[in-house]
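Colleague: The structure's right below; bear with me while I get my questions together.
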Amino acid sequence: MRSVDVAVASAMPVGDVLAALGTSEAGLSVQEWRARLALFGPNAVRSHGARALPVLGRQLRSPLLMLLAVTAIASFFVGEHVDAVIIAVILAASVGLGFFNEYRAERAAEALHERIRHDAVVVRDGVPEPVDVVDLVPGDVIELRLGEVVPADVRLIAVTGLQCDESVLTGESLPADKSVDPVASGSPVTQLACGVLMGTVVTAGAGRGVVVATGGATEFGRIALGLGERHPETEFQAGLRRFSMLLVKIAAVLTTAIFVVNLVLDRPILDALLFSLAIAVGISPQLLPAVVSTGLAAGSRELVRRKVLVKRLVCIEDLGDVEVLFTDKTGTLTEGRIEFMRAAGADGGSGDLALVLGLVCTDAQNEGDRVPGANALDAALWESPAAPHAAAGRYRRLATLPFDHRRRLVSVLADDEAGERLVITKGAPEAVLARCTGVSEEAGAVLDAEFAAGHRVVAVATRQAPGGETLEPSDERGLVLRGFLVFLDPPKATARTALHRLAGAGITVKVITGDNPAVASHVCAELGLPDGGVLTGTDLDRLGDDELAALIPATTVFARVDPEQKARIVRIQRRAGLDVAFLGDGVNDALALHAADVGISVDTAADVAKDAADVVLLEKDLQVLADGVVEGRRIFANTIKYVLMGTSSNFGNMFSAAGASAVLPFLPMLPSQILLNNLLYDTSQLAIPTDRVDPEQLARPSRWDIGLIRRFMLVFGPISSLFDFATFAVMLQAFHAGPSLFQAGWFVESLATQTLVLFVIRTRRSPFYRSRPSVPLLLAALAAVTVGAILPATPLAHDLGFSPLPGGFFLALVLMVIAYLVLVELGKRWFFRVAPGVPAHRVRTTGHRVHRRAARFSSTRKPPPCGPR
């Protein structure tokens, strides 16, 4: 038994396809499924587990590290064995730390993906049951429903108004109609009238089909494997890249200048080269990737604890950038626990007939008093104690026209107990009334009263259809209104608090809903959202993009909007330069999720929504989202602490080394000593992700600003150099130091100042008094300084090129460190008070935001049910 190409299967009769696959319409047996799963493997395009070798390879890509490795080898062969060994050990430690933390982050990402599940309804032994899509095999018979992503290549067996969006593979924007009968011509990909492909989306109707290919054997899988996998960078990664380029430019200038100066002073070429390269590495925060990955991995674990799953760890920071949140209403602002209240007649009288007709008119199959797989409104109606199931059972449904988000209707063709054939239509009141004739004023009054009370309303209408056998959208006309079904979806108890938290975090919340504008406005008013304007889908059709852009800031509710309009609103808001998030869970939300800077969905959402999202909430609650935003901002704030402190201190120290090397008869610090100093300092900073963050740093988004980093470095670097030169004077004048004693003194002083200055730079408040560091960070910093201070007195001192330091040096060191920290504190207050464009609460980005879109071609276990965004 083998898989079958879907194009070939589409040209074959259904019976022949089932025979070729060794299955039937009753599906596979459990035993046969197990055997095929062992044969074909999981239904996954690519396994994306954490892999050690690629992580290690990324650690070795640094050109500076590779150059130092080459010079270490050269040092060994020219007799500088001690320097060669020290440099090699330090390089190994640096790479090892980066590897450990990044691999740990990869494992965390793998664990997150395992939490995101996609299900499909499969017929096994004749019984439909939900299974993980990864367990599908050729020969499985599956159900396809509205909003689902097709999980494999499928030959259709039965359809009801089925349409699929195939744009992920064909680029065609219009959905394709599907049938059971083969077509005689057409492209095998674009004209599969009776086949559907993995990654396409069911946009209307329903169907049943047999899986003909899974995983890499599917059309989607072949394309995905051919393209490979490369995720476009997030804004966070783009900021890191721009920051790295800044350091490369500075390092190139310093390295060249120092190398030339040392050659002019007739120093050995190898010594000059080693010293210059050590300066280049010394100015860069070598362990920045390790600090970032440590923070992201720790943040991901904290977010999981708070019920937030981030698909890619680097998206955590993007979540913290959000300034405008567009959210749906049901289940987010409301309980999502819809309850049927009552039925009303078209004239406000008895609604008994409307209630019976509403039960009959559903695109779900009822099983007794239940309708498994039905939408929330139908489920609430059928589960209501007031539902007359017996009366509804007297109708015989002959055909169904399923609900879709354009018509906002569902219709059935049914015979009543008297044998009269009717078209029964149910849906959004505006859509139903537009298809009715002779609607009374009383009906309008009833509808307005229910909307004003914040109730959800569904209208029911009928028309006679004698002799009708099929049902088309054109049949939904000339209807007679029979009444209304009224539902209650109360506001969520936690929503008011969550909205207050989001507002306090500088996030503007706007509601995008398919519901009635009066209902949405009523809910917003109850929850305390600002009393903004309301725009409907009809209004949007009349407005140009510039007109809509001018109205969005003053609008709180966008109601009765279709999927394309949702995406348009999000795109236009992003054009204003704001970071936009969209929270949605339905197939009609997928376009807007794609369009947003951060797409957010929930684990109970439609598959297409979960795949379009960057962030998946395990609980549909704005409180959970607020937690995620705060965590994203905390991680970025701690990363920036390391960058600002490291670049300013390193720049000052390396500038001092460059100046001293030009006037001293010996190198102010040996290359191996520079690298050891940098490693001790950087290692202590691995505790930065544990640090506390001041509330004002979490109050607004903060982003990469290379101009701010450059100014910070140029202001605080010279302050560091000032105390370096003071150390030089003390060592030469007070202690008459030779090379080894001088180098030991500066090694200890530079390590102490650049490590301890963190406690001043980490906050814009008064350090220790109004902002206390975390205990792990405090202990790590003190440990690094202690190790550096005792190294010159250990047996390793000789091999490192140090001499023991006199006791008087440490007294001078304490005084210099205190003076340095006081001066940096004064400089910090001045800098953030007068630095242009830097409000005290925020680091604003410059330039155009980098908009990322992650490729959807891999999964830890599961196939990516949709294509690239």
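The values are calculated or read from the model by the stated rules, or taken from the named source; none is laboratory data. The structure presented is a predicted model; accordingly, all values stated were derived computationally and were not measured. Here Cβ is always computed from backbone atoms with ideal geometry, including for glycine, and neighbour counts include all displayed protein chains. Side chains are part of the model used for accessible areas, which takes the heavy atoms of the whole protein and leaves out ligands, DNA and RNA. Shrake-Rupley method; radii C 1.70, N 1.55, O 1.52, S 1.80 Å.
Colleague: Going by the conditions given, is ALA386 more than 30 Å from THR497 (Cβ to Cβ) and among the aliphatic types (A, V, I, L, M)? Walk me through it before giving the result.
Modeller: On the way: more than 30 Å from THR497 (Cβ to Cβ): yes; among the aliphatic types (A, V, I, L, M): yes.
Yes.
Colleague: ASP611: closer than 30 Å to PRO175 by Cα, over 14 Å from the mean Cα position of the chain (by Cα), surrounded by 23 or more Cβ atoms within 10 Å (Cβ to Cβ) and not aromatic (Phe, Trp, Tyr), yes or no? If you could, list the steps in order and put the result at the bottom.
Modeller: Working: closer than 30 Å to PRO175 by Cα: yes; over 14 Å from the mean Cα position of the chain (by Cα): no; surrounded by 23 or more Cβ atoms within 10 Å (Cβ to Cβ): yes; not aromatic (Phe, Trp, Tyr): yes.
For ASP611, the condition - closer than 30 Å to PRO175 by Cα, over 14 Å from the mean Cα position of the chain (by Cα), surrounded by 23 or more Cβ atoms within 10 Å (Cβ to Cβ) and not aromatic (Phe, Trp, Tyr) - is not met.
Colleague: Also, I was wondering about something else. Output yes when any residue across segment 501-524 is open to solvent by 60 Å² or more (accessible area, probe 1.4 Å) and of a type in the set (D, E, K, R), and no when none is.
Modeller: Here is the first cut: in segment 501-524, the ones open to solvent by 60 Å² or more (accessible area, probe 1.4 Å) are 501, 503, 508.
Restricting the remaining residues to those that are of a type in the set (D, E, K, R) gives 501.
Yes - at least one qualifying residue is present in segment 501-524.
Colleague: Are any residues in segment 98-154 acidic (Asp, Glu) and modelled with pLDDT of 75 or more, and if so, which ones?
Modeller: Initially, segment 98-154 is screened for residues acidic (Asp, Glu), giving 102, 106, 110, 114, 119, 125, 129, 132, 135, 140, 143, 148, 153.
Selection gives ASP119, ASP125, GLU129, ASP132, ASP135, ASP140, GLU143, GLU148, ASP153.
Colleague: Next question, about the same structure. Which of the residues belonging to segment 683-701 are part of a loop (DSSP other than H, G, I, E, B) and of a type outside the set (D, E, K, R)?
Modeller: Our first condition is that a residue be part of a loop (DSSP other than H, G, I, E, B); within segment 683-701, this holds for 691-694, 699-701.
Hits for segment 683-701 are VAL693, ALA699, PRO701.
Colleague: Please work out if ARG765 is modelled with pLDDT under 90 and in contact with a strand residue (DSSP E or B) (Cβ under 8 Å, 6 or more places away or on another chain). Even if it seems obvious, please write down each step before you answer.
Modeller: Numbers: modelled with pLDDT under 90: yes; in contact with a strand residue (DSSP E or B) (Cβ under 8 Å, 6 or more places away or on another chain): yes.
For ARG765, the condition - modelled with pLDDT under 90 and in contact with a strand residue (DSSP E or B) (Cβ under 8 Å, 6 or more places away or on another chain) - is met.
Colleague: From the set of residues in segment 202-249 that are part of a strand (DSSP E or B) and in contact with a Cys (Cβ under 8 Å, 6 or more places away or on another chain), which is modelled with the highest pLDDT? Outline the logic, then answer.
Modeller: Just the residues of segment 202-249 that are part of a strand (DSSP E or B), to begin with: 202-213.
When the remaining residues are screened for being in contact with a Cys (Cβ under 8 Å, 6 or more places away or on another chain), the result is 202-203.
On the way: VAL202: 84, THR203: 78.
Ranking the candidates gives VAL202 first.
Colleague: For the structure I just gave you, tell me whether PRO863 is modelled with pLDDT under 90, within 30 Å of VAL196 (Cα to Cα) and not aliphatic (A, V, I, L, M). Spell out the reasoning first.
Modeller: Values: modelled with pLDDT under 90: yes; within 30 Å of VAL196 (Cα to Cα): yes; not aliphatic (A, V, I, L, M): yes.
So PRO863 fits the description; yes.
Colleague: Within segment 435-462, can you find the residues that are out of contact with any Pro (no Cβ under 8 Å at 6 or more places or on another chain), among the β-branched types (Val, Ile, Thr) and not in a helix (DSSP H, G or I)?
Modeller: Once the filter is applied, which keeps residues that are out of contact with any Pro (no Cβ under 8 Å at 6 or more places or on another chain), among the β-branched types (Val, Ile, Thr) and not in a helix (DSSP H, G or I), segment 435-462 yields THR437, VAL439, VAL460, THR462.
Colleague: Can you give me the ranges of the strands (runs of 3 or more DSSP E) entirely in segment 463-547 with at least 3 residues that are touching a helix residue (DSSP H, G or I) at 6+ places or on another chain (Cβ under 9 Å) and within 20 Å of LYS426 (Cα to Cα)?
Modeller: On the way: elements: 480-488, 508-513, 533-536.
So the answer is 480-488.
Colleague: Quick one: which residue in LEU708, LEU680, LEU676, LEU778 is without any contact (Cβ under 8 Å) to a residue 60 or more places away in the chain and either among the small types (Gly, Ala, Ser) or part of a helix (DSSP H, G or I) (or both)? I'd like the intermediate steps shown before the answer.
Modeller: Numbers: LEU708 fails: without any contact (Cβ under 8 Å) to a residue 60 or more places away in the chain; LEU680 fails: without any contact (Cβ under 8 Å) to a residue 60 or more places away in the chain; LEU676 fails: without any contact (Cβ under 8 Å) to a residue 60 or more places away in the chain.
Of LEU708, LEU680, LEU676, LEU778, the one residue that is without any contact (Cβ under 8 Å) to a residue 60 or more places away in the chain and either among the small types (Gly, Ala, Ser) or part of a helix (DSSP H, G or I) (or both) is LEU778.
Colleague: Here are GLY628, GLY659: which of them is of a type in the set (Gly, Ala, Ser) and surrounded by fewer than 24 Cβ atoms within 10 Å (Cβ to Cβ)? So that I can check it myself, show each step before the final result.
Modeller: Details: GLY628 fails: surrounded by fewer than 24 Cβ atoms within 10 Å (Cβ to Cβ).
Matching residue, one of GLY628, GLY659: GLY659.
Colleague: What do you reckon, is ALA662 at pLDDT below 85 and part of a helix (DSSP H, G or I)?
Modeller: Numbers: at pLDDT below 85: yes; part of a helix (DSSP H, G or I): yes.
Criteria met by ALA662.
Colleague: Determine which member of the set ILE790, ILE709, ILE719, ILE761 is under 35 Å from the mean Cα position of the chain (by Cα), among the β-branched types (Val, Ile, Thr) and open to solvent by 10 Å² or more (accessible area, probe 1.4 Å). Step through it out loud before you land on a result.
Modeller: On the way: ILE790 fails: under 35 Å from the mean Cα position of the chain (by Cα); ILE709 fails: open to solvent by 10 Å² or more (accessible area, probe 1.4 Å); ILE719 fails: under 35 Å from the mean Cα position of the chain (by Cα).
None of the other options fit; the residue is ILE761.
Colleague: To continue, here is another question. Identify the residue in segment 718-770 that is of a type in the set (Val, Ile, Thr) and assigned to a helix (DSSP H, G or I) and, among all such residues, is farthest from VAL643 (Cα to Cα). Let's see the steps before the verdict.
Modeller: At the first step, the residues of segment 718-770 found to be of a type in the set (Val, Ile, Thr) are 719, 727, 730, 748, 753, 755, 757, 760-761, 763.
With assigned to a helix (DSSP H, G or I) added as a condition, the list becomes 719, 727, 730, 748, 753, 755, 760-761.
Details: ILE719: 17, THR727: 25, VAL730: 30, VAL748: 22, THR753: 16, THR755: 13, VAL760: 14, ILE761: 10 Å.
My answer is VAL730.
Colleague: If I filter segment 417-425 for residues that are in contact with a Leu (Cβ under 8 Å, 6 or more places away or on another chain) and assigned to a loop (DSSP other than H, G, I, E, B), do I get at least one hit? Walk me through it before giving the result.
Modeller: As a first pass, look at segment 417-425 and keep what is in contact with a Leu (Cβ under 8 Å, 6 or more places away or on another chain): 421-425.
Still in the running and assigned to a loop (DSSP other than H, G, I, E, B): none.
The answer is no, given that none of the residues of segment 417-425 is in contact with a Leu (Cβ under 8 Å, 6 or more places away or on another chain) and assigned to a loop (DSSP other than H, G, I, E, B).
Colleague: Any residue in segment 568-585 that's in contact (Cβ under 8 Å) with a residue 40 or more places away in the chain: show its pairings with residues that are open to solvent by 50 Å² or more (accessible area, probe 1.4 Å) and β-branched (Val, Ile, Thr) at Cβ separation under 9 Å, as long as the two are six or more apart or on different chains.
Modeller: These pairs meet every condition: LEU578/THR508; ASP585/THR604.
Colleague: Next up: With ALA26, ALA7, ALA38 as the choices, which residue is open to solvent by 20 Å² or more (accessible area, probe 1.4 Å) and free of Cβ contacts under 8 Å to residues at least 40 places away in the same chain? Steps first, please.
Modeller: Numbers: ALA26 fails: free of Cβ contacts under 8 Å to residues at least 40 places away in the same chain; ALA7 fails: free of Cβ contacts under 8 Å to residues at least 40 places away in the same chain.
Result: ALA38 is the single residue among ALA26, ALA7, ALA38 that is open to solvent by 20 Å² or more (accessible area, probe 1.4 Å) and free of Cβ contacts under 8 Å to residues at least 40 places away in the same chain.
Colleague: Please determine whether any residue of segment 569-581 is surrounded by 22 or more Cβ atoms within 10 Å (Cβ to Cβ), at pLDDT 90 or above, of a type in the set (Lys, Arg) and closer than 25 Å to THR200 by Cα.
Modeller: no
Colleague: Also, quick follow-up: Starting from segment 393-411, take each residue that is hydroxyl-bearing (Ser, Thr, Tyr) and at pLDDT below 85 and list its partners that are open to solvent by 20 Å² or more (accessible area, probe 1.4 Å) and part of a loop (DSSP other than H, G, I, E, B), counting only C-beta distances under 7 angstrom and pairs at least six apart or across chains.
Modeller: Close Cβ pairs (under 7 Å, with a partner that is open to solvent by 20 Å² or more (accessible area, probe 1.4 Å) and part of a loop (DSSP other than H, G, I, E, B)) do not exist here.
Colleague: Restricting to segment 300-348, count the residues that are part of a strand (DSSP E or B) and closer than 17 Å to ARG633 by Cα. Reasoning before the result, please.
Modeller: From segment 300-348, those part of a strand (DSSP E or B) are 308-310, 324-327, 334, 339-345; that's our starting set.
From what is left, the residues that are closer than 17 Å to ARG633 by Cα are 308-310, 324-325.
Selection size over segment 300-348: 5.
Colleague: Could you please find all residues in segment 614-637 being touching a strand residue (DSSP E or B) at 6+ places or on another chain (Cβ under 9 Å), of a type in the set (A, V, I, L, M, F, W, C) and at pLDDT 85 or above?
Modeller: VAL615, VAL616, LEU617, LEU622, VAL624, LEU625, VAL629
Colleague: Scan segment 785-800 residue by residue and report those that are modelled with pLDDT of 90 or more and either in contact with a Lys or Arg (Cβ under 8 Å, 6 or more places away or on another chain) or not in a helix (DSSP H, G or I) (or both). Give the steps one after another, and end with the answer.
Modeller: Within segment 785-800, the first condition is being modelled with pLDDT of 90 or more, and the residues that meet it are 785-795, 797.
Result: THR794, PRO795.
Colleague: Can you pull out the residues in segment 495-515 that are modelled with pLDDT under 85 and polar (S, T, N, Q)?
Modeller: First pass over segment 495-515, keeping only residues modelled with pLDDT under 85: 514-515.
Within segment 495-515, none qualify.
Colleague: Hey, any hits in segment 417-430 for a residue that's open to solvent by 50 Å² or more (accessible area, probe 1.4 Å), at pLDDT below 90 and in contact with an Asp or Glu (Cβ under 8 Å, 6 or more places away or on another chain)?
Modeller: There is no residue in segment 417-430 that is open to solvent by 50 Å² or more (accessible area, probe 1.4 Å), at pLDDT below 90 and in contact with an Asp or Glu (Cβ under 8 Å, 6 or more places away or on another chain).
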